[in-house]
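Working notes for the structure below.
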Amino acid sequence: YVRRLERSIRRSTYELDEDDDVSISMWVESHQSHVFFFEGFSDTDPFSLGIQTEWQLQQMIRFGNCRLLASDSRFGTNTLKYPIHSLVVFDSENKAIPVAWIIAPRFSSGDAYRWMRALCNRVHAKDPSWKVAGFIVDDPFADIIAIRDVFQCPVLFSFWRLRHAWHKNIIKRCRETKTRVEISRHLGQAVDKISRRQGTATLFDSFVEDFVGSPEFVEYFRSVWSPRIGAWTSALQSLPLASQETCAAMELYHYQLKCRLLNERDSEAYQRADWLVDKLGTKVHSYFWLDEYSGKDNFARYWKEEWVSGLTSFRKALSIPDSDVVISGMSAKITDECDGNEIHVVWNPGSQFGVCSCSWAEKGYICKHMIKLTQLCLGNRAARQSASLLQYYQTLIDLLRCPPHDSLFRDYAVSLAVSVEKQINALGYLQKSDANEGNLQKEIAFSEPTSGKSLDESDLLDKHEGHGEVATDLDGGLSKMPMSCLRVCSGNAEDIISGSEMEIGLSPGSTKAAAEDVTSTVQNGTDSANENCERGAKRLKIWAPENGVYE
């Protein structure tokens, strides 16, 4: 198969006709198996092309069924003739794999619905039982209604694009480290407060006034982000937030696509759509296929920088020993054993808007050093929990008020809860184990939890007997809730109280989208249990300390 790919690449030519529009039509005619949606140029409808190879379809079915589908919506907006909209799934290492590319001059609501419906129909033709667990968007203007209608799943929001753009321009437009740190800290606090519904878009107006001494970045912020900040604020408040690991995976994919696509010596090629579709369908597709191939290291060309595909920053952070981290006030030093014991300094530790001295962070990406500090801070009970995790808890609390009363549906919820508990415990065990153990995740995927009490039907159905209540200090007061309610999302009460292990364990394979769907089925108590849970839920508020470390 690899040899066939090589021959296909060598024989391919993109300029089938001098007219770009004609050339695109000719390419579509000769690559029908790669096209799932096409609308040609006309006076009324814009050009739109959806590309999906047979291998991409297989990956979408394999890694997308009952898991997450994510969108990288605006690649190449300032470079290419037409931007690329990528749909990705997450493999066994939680790296993003592109399963479809959509090329169009603009993405209106009607256009999005048509190609999403065509893509979903293509998948169901191969596997009628295929169903996605959640859809992650990175654009506040995405057609949420169309996504829910087509894929029949919850929609989450990832602000990785916002953070990446801000951080990259902070590095570019602010020379002093102190200024970079202060701007990043204020932007991070604004996003955090908005996500917790403790602030509005006016926080950014105050930010602009506070940093008039950095005119270059402030002017960039005013011209580019002020007109659209209202839409981003609305998305941060109305949609559940994706985890930090998802953001790291999307950043790595974005970087890989940039290296593998935008490496032409003649930049004029970027202004031809036929070049774009040809390279995506041949070379770029081959790069990502080879990433999943076990014998990839035997190919000399894979040793080049644009071919190499390592772990995400989140996975790399797991290999950093706690002993290599020294936190001092608002900064931290991390010894990087993989980089000749070089010491990197991180400011604003525990925040996604941190500033690090490493080369990956200098490019605007969230690095393994920032993530490591986030993991350490989440392990501290005095630290402030992330907005994403708090949204998860609030969803569980709200669902306690409306348990299902149908017996068959309750039985199904019990079996589903058992399965999810095992997955969460397995993921928590993975984070604590040695990251260098090669196939650890595969080994624990089908094993029993190593710790914590197993969840069985009696745990969920004995609420009315009042067994095992736990008291927790919630916002200054005590609230009693049945232990069985707390076991819904973890094997023991300690995990619920601290929350650190769950946040670190969140991954694209088991995110809040799945949790929302699962927890809506596990509320199976009797009427008397519902009364107790509701009384506890009314007193249960977001219990993070007012002061502490921001993620």
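What you get for the range 130-249, charging only the Cβ of Lys and Arg (+1) and of Asp and Glu (-1), is a dipole of about 240 debye around the Cα centre. Sorting 266-274, 191-199 by their mean Cβ neighbour count within 10 Å, with the most densely packed peptide first, gives 191-199, 266-274.
For the range 20-35, 3J(HN,Hα) computed residue by residue from phi via the Karplus equation (6.51, -1.76, 1.60; θ = phi - 60°) reads 4, 5, 5, 4, 4, 4, 5, 5, 4, 4, 8, 9, 4, 6, 8, 10 Hz, glycine and proline entered as x. If R0 is 30 Å, the Cβ-Cβ spacing of residue 262 and residue 200 corresponds to a FRET efficiency of close to 0.20. Computed from the alpha carbon atoms alone, the convex hull of the range 162-238 holds 77 Å³ per residue.
Full extension of the chain between residue 106 and residue 121 yields a length gain of 3.1 nm, computed as 0.36 nm times the residue separation minus the alpha carbon distance.
For the pair residue 92 and residue 298, label points projected 7 Å from Cα toward Cβ lie 1.9 nm apart.
A simple spin-label model places pseudo-atoms 7 Å from Cα toward Cβ; at residue 22 and residue 319 they are separated by 5.3 nm. Taking a point 7 Å out from the Cα of residue 255 in the direction of its Cβ, the residues of the range 170-189 whose backbone N falls within less than 18 Å of it are 170-172. Going 7 Å from the Cα of residue 32 in the Cα-to-Cβ direction, what parts of the range 272-293 have a backbone nitrogen less than 19 Å from that spot? What the label zone holds, given the 19 Å backbone N cut-off, is no residue at all. Using θ = phi - 60° in the Karplus curve 6.51 cos²θ - 1.76 cosθ + 1.60, the 3J(HN,Hα) couplings for the range 246-253 round to 4, 4, 5, 5, 5, 5, 5, 4 Hz; x is entered for Gly and Pro.
If R0 is taken as 45 Å, the Cβ-Cβ distance between residue 336 and residue 193 corresponds to a FRET efficiency of 0.90.
All of the numbers you see were taken from the coordinates with simple rules; none came from a lab. Quick caveat: nothing in here was measured; it's all calculated off a predicted structure. Because the Cβ atoms are built from the backbone with ideal geometry, glycine has one as well, and the counts that use them run over all protein chains shown.
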